[in-house]
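The values are calculated or read from the model by the stated rules, or taken from the named source; none is laboratory data. Not measured: the values here are computed from a predicted model. Neighbour counts run over all protein chains shown; Cβ positions are idealised from the backbone, glycine included. Calculation scope for accessible area: heavy atoms of the full protein, side chains included, ligands and nucleic acids excluded. Shrake-Rupley method; radii C 1.70, N 1.55, O 1.52, S 1.80 Å.
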Amino acid sequence: MKDPRYTGNQGAISRFIDRKLAAHYRRINETVPWHRQGPEGSWLEKWLGVLNLLGLRIDLREENLHDTDGDLTQPKPGCPFHSGADALKIRTPNGTQNDPNHGAMGCRGSRFGRNVPRTITAQDAAKLLKPDPLLISQRLMARQEFIPATTVNLLAAAWIQFQVHDWMLHENEPLDAGKDIRVPPSGDWLHGEMVVPRTKPDAVNPAIPNDAEYPAYQNKNPQWWDGSQIYGDTPEENRLLRTAPDGNLCPLGQLYVDPKTHLLPVNPATSMTLTGLTENWWLGLELLHTLFALEHNAICQTLAQNEKGLDDDQIYQKARLINCAVMAKIHTVEWTPGIIGHPSIQLALDANWMGIAGHLFGERFSRWLDLITPNWTGALKLLLTGIPGREVDHHGAPFALTEEFATVYRLHPLIPDSVSITQFKTQNRTDYSMHDISFERTRTPLTQRESFRDALYSFGVAHPGAITIRNYPKFLRDLELPPDPATGIRRKLDLAAVDIIRDRERGVPRYNDFLRHLRIKPVASWEELAGGDPILASDLKEVYEDDLEAVDTVVGMFCEAHPRQNGAKEVLPRGFGFSDTAFRVFILMASRRLSSDRFFCSDFKKETYTATGMTWIRERSMKRVILAHYPELAPALEGQENAFGPWKHV
């Protein structure tokens, strides 16, 4: 639902062009998919694809941004506004005051938005467990043999979980509070009744029409790209992670990293790493949290050398801003094109970050062009030099991540069931099951024989799983959680079944209905859904009791990546590593995370980041981050432009 308070400053001419472009491609896409509107491999394929994606994004902004929250000018309960004089100069710990006029927008405890109308998001309690989510897991999701994603490495799998932990985390009801979802055992689930804590709905707001009928859910994380998974989301956590074992703050605004092991400290209460967020912790997260803590500290040291007059707290805040921008840039122009390899995508995402000028001539040229181009050029300047530096634009709805965005990022097939750690110098290899490198056992390789460098190298040369049907890791389908802090109970979950339950519980539409609300033609038969695979089509039909409209969205999206058989029409664009349906939500939300964030828009300048910080952001890439801290890995990355692609075996 659009709200004039959140409309950007786009001019009438630009809006007219937007509407015409969106309408033009909406008509074309009814008969020809966006990725097939030019000869394969030609410049037309690339540039027509980009224009089409631009039209799709405009269309999605008009139709698929729905607000769920109330007044954002007042603090949320338990999430006070930052009272310091620096409130508008820093990323506040809890995410408040990013928008000075709506200080609670995107803060910790603000609600998830929706990409579909709220009127279709009421939970159907009678169908919460129908069809049986455990049966869906066993018959349709379960990994039969590991299907690798050969165009990317295992760091790409760890990276997306690392980023999702920054963006979103639902709050659950307490266990055994009488509100649990209890799933009867079935098939090969041998652990008795599966107990799933229910998602806790936000308190009903009487000022919002029908708020009780269509529950909304709080995000426990700040919703901005603010690095909260590294820094924490309260002032107390911020300070704790900067504190050395002797009780003193680390100098120069640095995070505490053990000077002997170069690892983050361990929380004695949990036996896991002490960092901003350790939900579903495993070795991949350990590597990235540590790497970007080291990156923060390197930024601090450089700021102290080059920017005089900053005290330790100011250095910390500037370094956090810079580190977050580096991560946002890496995700935008490296991770995403790495996993979605269509020729239009690199151009489109480069255009988000540094415009077409940056794509063609490099980011340095784009930033220079931005300085000399007058602001009245508006949409043209945005196209030429990208979102950073522009005015904030919320596109008619307050910024929030959405329940559907959480759904399309259910990418658990990326996770393998075991990881091989190869010693960089000797090439000796040790295999570790995921059970042995997760939760409190995460550091097993690092404390036995392997170095951090060896682990990074091993992730660089290994492949994750392909994001497709029947490739859900066995480890996550029989997942033993750490003891519950309140009850001490250790539970087992089939996470594939839980993924199904969560979408149903939170009112995410089933697959065909989801397609309709994205203006995509729904599937008309089991054979079409299964990509011509008769065995998969038969299993889908049987599990869903011949009700095509009951197919869950996650199942449908995974089916899109299933290899086509018997002449079935390919539905994935060339080079795509995940669903085209998921991509529709992505192209809407990816640019929104930049264009709504003041620190990537009007405050993306040296007065906020310092001149040193702007140079750091411009020159950093994932490869440069890795080699800055582990230069001996250079032979493995030689000739590799994107560090999320497979590294060389050395």
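Summarising the strand pairing of the chain, around 90 percent of its internal DSSP beta bridges are antiparallel. Under 5 Å between amide hydrogens, built in the peptide plane, is the criterion, and for residue 282 it picks out 439 among residues at least 5 positions away or on other chains. Distance between the modelled labels on residue 528 and residue 301, one decimal in nanometres: 5.9 nm (7 Å Cα→Cβ projection). Rounded, prolate or oblate: pick one for the range 12-131, where a ≥ b ≥ c are the square roots of the eigenvalues of its C-alpha gyration tensor, a/c under 1.5 means rounded, and failing that, prolate if a/b is larger than b/c, else oblate. It is oblate, given that a/c is not under 1.5 and a/b is not larger than b/c.
Tally Lys and Arg at +1 and Asp and Glu at -1 over the other residues with C-beta under 12 Å from the C-beta of residue 371: what net charge comes out? Cβ neighbours under 12 Å give a net charge of +4.
Taken per residue, the accessible surface of the chain reaches 40 Å², heavy atoms only and a 1.4 Å probe.
With 0.36 nm allotted per residue and the present C-alpha distance subtracted, the residue 535-residue 519 stretch has 2.9 nm of extension available. Oblate is the label for the range 479-607, because the ratio a/c of its alpha-carbon gyration tensor axes (a ≥ b ≥ c) is 1.5 or higher and a/b is not greater than b/c.
Measuring nothing but how far apart in sequence close Cα pairs (under 8 Å, 6+ apart) lie, relative to its length, the chain scores a relative contact order of 20 percent. How far is the Cα center of the range 57-104 from the Cα center of the range 201-232, in Å? About 11 Å separates the Cα centre of the range 57-104 from the one of the range 201-232. Share of carbon and sulfur in the accessible area of the chain stands at 54%, probe radius 1.4 Å.
Extension gain, residue 371 to residue 440: 0.36 nm times the residue separation minus the Cα-Cα distance gives 19.9 nm.
Less than 5 angstrom separates the built amide H of residue 386 from those of 355, 356, all sequence-distant by 5 or more or on a different chain.
Looking only at the range 271-305, which residues have a backbone nitrogen under 18 Å from a spot 7 Å from the Cα of residue 243 in the C-beta direction? Those under the cut-off are 271-277.
For residue 390, the shell of other residues with beta-carbons less than 10 Å away shows a net charge of -2, using +1 for Lys and Arg and -1 for Asp and Glu. With semi-axes defined as the square roots of five times the eigenvalues of the C-alpha gyration tensor, the equivalent ellipsoid of the range 381-463 measures 40, 19, 12 Å, largest first. Alpha carbon centre of the range 448-508 versus the range 551-607: separation in Å? Using only Cα atoms, the two centres lie 22 Å from each other. Length gained on full extension, residue 270 to residue 380, computed as 0.36 nm times the residue gap minus the Cα-Cα distance: 34.4 nm. Is the shape of the chain best called rounded, prolate or oblate, per the rule: a/c under 1.5 gives rounded, else a/b larger than b/c gives prolate, else oblate, with a ≥ b ≥ c the square roots of the Cα gyration tensor eigenvalues? Verdict is rounded for the chain.
Each listed q (0.18 Å⁻¹) maps to a log10 I(q)/I(0) for the range 282-359, found by the Debye formula over equal Cα scatterers with no solvent: -0.84. The convex hull of the Cα atoms of the range 25-68, projected and averaged over all directions, covers 3.4 nm². Between residue 492 and residue 449, the C-beta separation translates, for a Förster distance of 35 Å, into a calculated FRET efficiency of about 0.70.
The separation of the range 34-48 from the range 328-342, counted between C-alpha centres, amounts to 20 Å.
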